[in-house]
Structure formats: C-alpha cells, structure tokens
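The values are calculated or read from the model by the stated rules, or taken from the named source; none is laboratory data. Computed from a prediction, not measured in an experiment: that's the story for all the values here. With ideal geometry, Cβ positions are generated from the backbone for all residues, glycine too; neighbour counts draw on all protein chains shown.
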Amino acid sequence: MAAVTDIKPPLSERPSPLGWARKYLFNSLGNSLLTIFSIWLIYTVGIGLLRWVFTQAEWQVIATNLRLILLGQYPIAQVWRIWLSLLLLAFLIGNSLAIWGKAGKTAKRFGAGLVAFPLLLALTAIGAESRGWLVGLSAMLILGWYLGRPATRTLRRVVAVGWFIWPPIFLILLRGTTPAEGVLPIVGTNLWGGLLLTFLLTVVGIVFSFPLGVFLALGRRSELRIVRWFSIGYIELIRGVPLISILFMAQLMLPLFLPAGITIDRVIRAMVGITLFSAAYLAENVRGGLQAIPKGQFEAAHAMGLNGLQTMSLIVLPQALRLVIPILVGQFIALFKDTALVAIVGLLDIVGIAKTVLAQPDFLGLQREVYAFVSLLYWVFSYAMSYVAQRLEISLGVGQR
Amino acid sequence: MSRKIFSVFGLLIVASMVLAACGGGTPAAGTERIVETVIVEVPVAGDAAPLPPPAGYGATLAAVQARGVLICGVNSQVPGFGYIDADGNFSGIDVDYCRALAAAIFGDSTKVEFRPVTAAERFTALQSGEIDVLSRNTTWSTVRDTELGGNFTATTFYDGQGMMVRAGEGITTLADLAGGTICVQTGTTTELNLADVMAAAGIAYTPAVFEDADSTFAAYAEERCDAVTTDKSGLVSRRTVLEDPSAHVILDVTMSKEPLGPMVRHGDDQWFDIAQWTVFALISAEEFGVTSANVDAAKANPSNPEVARLLGNEGDLGLKLGLSNDWAYNIIAQVGNYEEVYNRSLGPDTPTYIPRGLNSLYTEGGLLYAPPFR
C-alpha cells in the first residue's frame, strides 16, 4: 500500500479509436443496434441539412438584405455612426479585458477570439462592404488591450466611467441631434430595426428591469405593509398576463388614454412594456436569492452596527445576487428572444424585418433561408450571453464557496 | 346636430359659388342675385368661410403641415402592396398612394413617414391619431366605415376572394371541396367570408387557420390542406413561388367583394376630401394620358380644359381642398398617374403581376371612375 502522498493521478487512458468504439458504442447487442440506428439517423438528417445549406438554399436573399436584417431601415449615409459607437465599444472591451482579466489565459483567449471574429468576417463576402470598419474593430480591441495593461487604479476608474458614458453616447449617435442638414441628422425610431432594435429592446429591458426587480423583491419582503402589498400586487398582476398582451396594451390602449396631441414614441412604449414585464419575474428570482441568505447574516450585520440599508447593500444583496446569476442569465436570454413579440405590434425587429424581407417580390417563398439565418443570429447571441455569464460565475466563484 | 346643419349650409354656399363661377344657370332669379354678391366677395375674403366650419374640420391638415411630415399606416408584408425593398425603402401600390398624398400636401413626395401597422392594430392606430391615413390593403365594409370610426375615401384596388387548389384532383367548384380541409388566415375577412359562402352553399369543410399568410401558404404547399383561400391578388403572387406554379389552379369563383382603399378618421371632412381627391387625381391623370414624363408638357399646353383645371392652370381647385393649386401636378410629376403606380408594383414586368381586370379605367371595361375636376 502506497502512502497517501504517493498516489499518482489516474492514468489518462488513450485507447485506440477502435478500442474506444468497442468500449463505448458496441459493448452489447442492444447498444450496438442503438449505435447503428443513431448513426443512420444522424447521417440522414445531417446529409439532408448539409445538402440543403450548400446546394439548395438561396442565400442571395440574406446577402442582399443583410443591412436590412442587421440595422433595419437605418439610413445608409448614417451607418458610420453605429460603426463609430462599435469602435468605442471595442476599445472599452479591450481595456476591460486587460484590466479585469488580469492578463490571464482566459482573458487572452477570449480577447483573441474577439479580435479574430471581425477579421474573419472581413475576409468573407458578408463583410465585403465594410472591411475597413471591421479591421478597425479588431485594431481598437488590440489598442484598448495595450493601453489597459498597466491596470492602475486611475485607469480602472476611467474605464468604469467609460462604460457608464458609452450608452448615452451610443444613443445620441444613433438618434442624432440636428435637423437634416447638420452633422448628426435625427434618425427617427421608426427607422430603427433589425438586430439593432432587438439589441436595444433587450439591453434597455435588462438595464432598467434589474433595479426595478430588485426593489420589488425587497418590497415584497418589506415590513411596511403598503410597500409589501404594492409589490405583491404588481408582481402578481404582471405575472398573470402574457407579454404579448402587455405589448398590445402599450401599443393600442395607451394612445387612447393619452390626451390628443400627445404621443409617446412606440419604440419607447415597447421598451417600457418589456421592462415592466421583466421586472416582475426578476423580482421573484431575486427574492429566491434573498430567501437563501441565512438569518445569521442579518444578525451578524446588525451586531456589526450596520443599519438596514448597509445590511442590504453590503451583506445581503451581493450574496443573494451572486446566487441567482444562473437564473438571471436564463431570464435575460429569454428576454432577448421574447423581444421577437414586438413584431406582432408592427415594430420591425429582427423577426419583423424577416417578415418584410419575405414579402419582397424577388424573394417570395424563401421562409426557410430567412428564418434559418434569423435563428442562427439568435443562437449566436444567446450563446454569447450564456458564455459570458459562465465566465462571470467562475470569476465570482459561484458554486465554489 | 346644429353643426351638421351649418355644414349643409356651407356646402350649399360653396356649391352655388362653383355653379356661378362656371356660368351655370341658376334655378330661381332670386337666388341669382345672392350668388352674384358672393362672387364679388370671394377674392376679397379669400377662403374665409361664411359659416364656422364644424369642429375638427381642417385639424388634420393643420397638424400634418405643422409636423412637416405625413404619417401613413402601411403594411410591410404584402408583396406588391406594401413591403420594404433591399435598400430599406417602402414599396408597393398602397405605399405609393401615401407618397402621392405627401406630394399633394407638401409638394414633396418624400415627406412621409411610413408606419408598419398590423391587421389587429390598424384601426386603433388611426383612431388614436398615431397615423394620419391608413393605406394598408384594407377592405371597405360597413362596420369599418361606421363603428370603427373611419371613412373609406375611394377604392384604389378592386380585389375579391378566390380559391386555389392543386390541379388534377378534379376540383372545379366549391362543392367539390365538401369534406375537405381549407387553409385560411385567421382574423381576416377572408375567414369570415369563407364561412359565410360555405354555410350558404351548405358545404361542410374543415378550416385550418394560421396566424399569417406565410404559414397559411406553407401549409398548403406541404399538402396539409386541399385548398387555400385568400384575395385573388394574394393567390396570384403566391402561386408564382410555389414549386410548380402550373400544378395549381385558381378556381373561377369570387367569394367576396374586396374593395381596398385608404381610410381616414371620422370628423375631418377636409382631410377626407384631400385623401379622396388624391385617388381621383391619379385616376383622372391616367384617363387624360398625363404621365410623370409628359406632365410638364401637359401643363404648358393642356389638351383640354379639365386637364388645365387638374394641373392648376385654371380655377383654384387645389385651394378649395386647402392645398396649393399645383397639388395634382406635384402628384403626377413625382409619383405618376394610376397606371404608372400600378405597373410599378403589380405590372407585367414585376414578379407580382396581376392583370388590370376590374382595375382598368371605366373606358376600358374596368371600374375606375373619377368624378370630374371642376
């Protein structure tokens, strides 16, 4: 018997492919049959899919309408404003990876992927028209990385402030400030569409529903009766109706109640609807996290002389929110996909624009191609959200302590 | 009630002015004298109405002019009628009507903001003032003209519900469909018409309903139903994209009248007139052979007095609508006449070709007939 310290790590067995197949795929008659059936099934479906993707599908509809699908009817002469915002964003991401990624392996790999992606796009036909901008994105990522490497305290603050002022800058660039003749002519929200609109609805939904949801969760546990009743009433009312009916209310009923002459922008109405809806669900998720915090934490905080606000903001919420990260990410991914419902109230988000593309006389009947592409976009961004959240969980040590 | 009486008086006075201006005979000597005094007053008083107009009269035009842009509710998903092309521009016959209206109001057909509205929200959007006019392949019907608070101005496209089946299955009449399944889009008059027609004929069938046109026709293409029904305009364009268009026939039945046209809110007759006479200007221009190409020549040298009045050389028809006198000239110069608008979206050179049929001028056996411009 060897001493405990002498135990070697288990042998990493590398069997021959044949041996592996015999061990895992053909170890009994039943499993052999199952394996053969599965291979046949995968082959049949896969070959059909591949044949369709590479020989039958008419991807011209996507190539022709790419700008429409990504940006909606945003005027082509003003698209540089979106690229400019993206350049700033790339710079910030490069900065942040260098500063908070601690120049670790993960951050480097992640950053390399981010740099490579626009370059790859630039090489393909998809990015042909905006090669300069795509290369610029990669360059800004690298530039941000190098400038962020000192990772000093001041730099951290500057970059943190940068993250706070980027959204307003983006919105100002997007919407514009001057009449048609100026440098930044106003682009009305009726021209915002496609992936851009989907993103805006999602991000606004997440950013605003998060604080609202946290407040509602705290309110539901409050000892003040009116606050508690209000929170419960709000949560149960909103959770009791489908999102589509809230969107219909916002688009159809609200204008009838408003005094004549006053109109609220319909994109903003959709944003408000989505935010209010999401907040109710988020409140319940956060409440789950709050309930998981042992009473001892409250009592200890009390004993330390912290008041109620300090207890919540310094002790309870940080722990509770960390616990519910997986649920919140799930909710945000669901929210991202739920924004597709705005297509039903006439907004041209990515699904709405897909429907209009399908109505172009030149591309009638290409549902499969268009919806496949839209699904791919949804998958890419949902998976990206999920991946970033996993990294966040690892760095916060969720489930480890 | 009293407002209605005022407007009747107003109309009478305007009518008598028009009659007098044209030199038409007046029925009684006593009235003639009054008419003459009115004529003297017209150039002095300008467009000041002798009687106060009803509330809401002119409000829409004033709001649109103050805003500087017309907001037009359109469809974004119907090939040939309202869709967005690859450059991001709205196209289609319903969309071009909006451009014509903008040209009439502003002299600039680009001063229009298109707002895609769905079937469910279109009437609310019109009532609440979200849109100034609804031009979205909407069928003129009693309920919509009354209870829904809107007025249809004129028909821009005469459509009718048809039925498409697979050739070679021996279906030639509706009765052959007894016991079969029919694909239909839900929430439309199409669904209701189908139920009415089949009930009247005593034919039992199973409806397979779908939320939008795409899934309706996809189900038909997958042979999940024996027939598919929608307006004939839709059937024609949908048939062109089926795998083998010749394997499908459109039955020789018309199950409904579907006059499609722009709709405005109740309560502003001036706006109604403008929206209506924009359609008539398009139709008249085709009748007189005035096109966007020859409109300048026609204005310089009008072929007949009505063309001169239409283009604003004579009379002040535009002013009576509350617009400039070259309103119709602007429509024709910037958007074209009805034929040009039609051919751009539904003509023989387009994938969505629909023969003119009922949508020909009355002189060519169709139903398009514009009242005289005088």
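Answer with yes or no whether B:L126 is in contact with a Cys (Cβ under 8 Å, 6 or more places away or on another chain), of a type in the set (A, V, I, L, M, F, W, C) and more than 10 Å from chain A (Cβ to nearest Cβ). Considered against the rule, which asks whether it is in contact with a Cys (Cβ under 8 Å, 6 or more places away or on another chain), of a type in the set (A, V, I, L, M, F, W, C) and more than 10 Å from chain A (Cβ to nearest Cβ), B:L126 comes out as no.
Counting only residues that are in contact (Cβ under 8 Å) with a residue 12 or more places away in the chain, within 28 Å of A:A77 (Cβ to Cβ) and not polar (S, T, N, Q), segment A:130-143 holds 8 of them.
Let's see how each residue does on (1) over 21 Å from A:L348 (Cα atoms); (2) in contact (Cβ under 8 Å) with a residue 60 or more places away in the chain; (3) of a type in the set (K, R); (4) away from chain B (no Cβ under 14 Å):
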position: A:N31; (1), (2), (3), (4): yes, no, no, yes
position: A:I36; (1), (2), (3), (4): yes, no, no, yes
position: A:G46; (1), (2), (3), (4): yes, no, no, yes
position: A:A57; (1), (2), (3), (4): yes, yes, no, yes
position: A:A63; (1), (2), (3), (4): no, yes, no, no
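For segment A:165-185, state whether one or more residues are in contact (Cβ under 8 Å) with a residue 12 or more places away in the chain and within 14 Å of chain B (Cβ to nearest Cβ). Within segment A:165-185 (the criterion being in contact (Cβ under 8 Å) with a residue 12 or more places away in the chain and within 14 Å of chain B (Cβ to nearest Cβ)), the answer is yes, since at least one residue qualifies.
Taking into account only those residues within segment A:78-125 that are among the polar types (S, T, N, Q) and more than 18 Å from A:L174 (Cβ to Cβ), which is farthest from the chain's Cα centre (by Cα)? Checked segment A:78-125; the qualifying residue farthest from the chain's Cα centre (by Cα) is A:T124. Return yes or no: is A:A77 in contact (Cβ under 8 Å) with a residue 60 or more places away in the chain and either away from every other protein chain (no Cβ under 14 Å) or closer than 30 Å to A:T189 by Cβ (or both)? Answer is no for this residue.
Yes or no, residue by residue, for (1) of a type in the set (D, E); (2) more than 14 Å from chain A (Cβ to nearest Cβ); (3) under 21 Å from B:Y353 (Cα atoms); (4) surrounded by 19 or more Cβ atoms within 10 Å (Cβ to Cβ):
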position: B:A204; (1), (2), (3), (4): no, yes, no, no
position: B:P207; (1), (2), (3), (4): no, yes, no, no
position: B:A213; (1), (2), (3), (4): no, no, yes, yes
position: B:E222; (1), (2), (3), (4): yes, no, no, no
position: B:G234; (1), (2), (3), (4): no, no, yes, yes
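Among the residues of segment A:120-165, those that are among the charged types (D, E, K, R) and farther than 22 Å from A:F110 by Cβ comprise A:E129, A:R131, A:R153, A:R157. No other residue among B:V295, B:V307, B:V279 is in the same structural domain as B:S360 (by TED's automatic domain parsing) and surrounded by fewer than 24 Cβ atoms within 10 Å (Cβ to Cβ) apart from B:V279. Given the criteria within 14 Å of chain A (Cβ to nearest Cβ), crowded, with 23+ Cβ neighbours inside 10 Å, acidic (D, E) and closer than 18 Å to B:K232 by Cα, does B:D132 qualify? When the stated conditions are applied, B:D132 does not pass them. In the set (1) within 11 Å of chain B (Cβ to nearest Cβ); (2) surrounded by 18 or more Cβ atoms within 10 Å (Cβ to Cβ); (3) in contact (Cβ under 8 Å) with a residue 60 or more places away in the chain, A:P361 fails one condition alone, (3). For segment A:229-264, filtering for residues that are more than 19 Å from A:D349 (Cβ to Cβ), touching a residue at least 24 places away in the same chain (Cβ under 8 Å), touching a Phe, Trp or Tyr at 6+ places or on another chain (Cβ under 9 Å) and not polar (S, T, N, Q) leaves 3. Only residues that are facing chain A (nearest Cβ under 8 Å), crowded, with 24+ Cβ neighbours inside 10 Å and closer than 29 Å to B:D326 by Cα were counted in segment B:83-114, giving 1.
Just need a number here: residues in segment A:32-52 that are surrounded by 13 or more Cβ atoms within 10 Å (Cβ to Cβ) and of a type outside the set (G, A, S). Before the answer, list the steps.
Here is the first cut: in segment A:32-52, the ones surrounded by 13 or more Cβ atoms within 10 Å (Cβ to Cβ) are A:32, A:34-35, A:52.
This time we only want the ones that are of a type outside the set (G, A, S), so: A:34-35, A:52.
Residues flagged as surrounded by 13 or more Cβ atoms within 10 Å (Cβ to Cβ) and of a type outside the set (G, A, S) within segment A:32-52 amount to 3.
Is it the case that segment A:331-346 has a residue that's within 14 Å of chain B (Cβ to nearest Cβ), closer than 29 Å to B:I131 by Cα and assigned to a loop (DSSP other than H, G, I, E, B)? Walk me through it before giving the result.
In the first step, residues of segment A:331-346 are kept if they are within 14 Å of chain B (Cβ to nearest Cβ); the result is A:340-346.
Next, from what is left, pick out any that are closer than 29 Å to B:I131 by Cα: A:340-346.
Of the ones still in play, those that are also assigned to a loop (DSSP other than H, G, I, E, B) are A:346.
There is at least one residue in segment A:331-346 that is within 14 Å of chain B (Cβ to nearest Cβ), closer than 29 Å to B:I131 by Cα and assigned to a loop (DSSP other than H, G, I, E, B).
If you filter segment B:323-367 down to residues that are at pLDDT below 95 and touching a strand residue (DSSP E or B) at 6+ places or on another chain (Cβ under 7 Å), you find that the one that is nearest to the other protein chains (Cβ to nearest Cβ) is B:S345.
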